[in-house]
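*Asks:* This is the structure I want to talk about, given as structure tokens.
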């Protein structure tokens, strides 16, 4: 946990834009795959039927497609990125296990290679977090700003009470 906080601090300090572009690209890819699965749900059901999941194939197909769409959007905009990556990793790990690496392993666009790259990027963003240009960072900055404002308001109220003699122990008139 400490390592991920250190990585996140480094990202916010250096504002690596390429990191955020990679997160957006990964989210777009997962969103695209989810929409592609929704439009061609029978192909995903066939893959699940070949894995001997007969009774769950339709349910799993729609669940996988929905998780890809929602998780892809969350990763793309940087909203709860770590949770979205954590939910996506088991699905993509199963995809790596289902695809046989014997066919076109060294081809750049083989299904095994794409699933493996996606798994590696999901693990990378699970550790690194959402980056500087994200909703998570914006919410964190707003929370810090509100906390500072709240602390300054309570400090002002305490000073005003002390000026009136409330906390000084002097008799009030």
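A short reminder: the numbers here are calculations on the coordinates, not readings from a lab. Keep in mind it's a predicted model, so treat the numbers as computed, not measured. Using ideal geometry, Cβ is built from the backbone for each residue, glycine included, and neighbour counts are taken over all protein chains shown.
*Asks:* Can you tell me the Rg and the Dmax, both Å, for the Cα atoms in region 1-59?
*Replies:* According to the Cα coordinates of region 1-59, Rg and Dmax are 18.5, 50 Å.
*Asks:* A further question on this structure: How much FRET efficiency would the formula 1/(1 + (r/R0)^6) give for residue 153 and residue 21, where r is the Cβ-Cβ distance and R0 is 41 Å, rounded to 0.05?
*Replies:* 0.55
*Asks:* Helix 41-50 versus the longest principal axis of the chain: what is the Cα-based angle in degrees, 0 to 90, to the nearest 10?
*Replies:* Roughly 70 degrees, rounded to the nearest 10.
*Asks:* Taking the chain as a Gaussian network, where each spring joins two C-alpha atoms under 10 Å apart, which residue of 54, 133, 62 fluctuates the most?
*Replies:* Looking only at 54, 133, 62, the largest GNM fluctuation is found for 54.
*Asks:* Can you give the angle from 0 to 90° between the axis of helix 81-98 and the longest principal axis of the chain, with both taken from C-alpha atoms, to the nearest 10?
*Replies:* For 81-98 against the chain, the angle is about 10 degrees.
*Asks:* Here's something else I'd like to know. Under the rule of -39500 (n - 2.57) per DSSP H run of 4 or more residues, summed and divided by the residues of the chain, what mean residue ellipticity at 222 nm is obtained, to the nearest 500 deg cm²/dmol?
*Replies:* -26500 deg cm²/dmol
*Asks:* Let me ask something additional. Under a plain spin-label model, where a point goes 7 Å from the Cα along Cα-to-Cβ, how far apart in nm are residue 146 and residue 87?
*Replies:* For the pair residue 146/residue 87, the computed spacing is 2.3 nm.
*Asks:* If you don't mind, another one. Hey, what did the chain get for relative contact order, percent, Cα under 8 Å, at least 6 apart?
*Replies:* 26
*Asks:* Pick the calculated Kirkwood radius over Cα pairs in Å for this structure from (i) 18.0; (ii) 15.7; (iii) 19.1?
*Replies:* The calculated read-out lines up with (iii).
*Asks:* Using alpha carbons only, how many degrees (0 to 90, rounded to 10) separate the axis of helix 2-14 from the longest principal axis of the chain?
*Replies:* For helix 2-14, the angle is close to 80 degrees.
*Asks:* What's the FRET efficiency of residue 164 with residue 138 using the Cβ-Cβ distance as r and R₀ = 35 Å, to the nearest 0.05?
*Replies:* 0.35
*Asks:* Relative to the present Cα-Cα distance, how much length would full extension add between residue 35 and residue 13 at 0.36 nm per residue of separation?
*Replies:* Full-extension gain reported as 4.4 nm.
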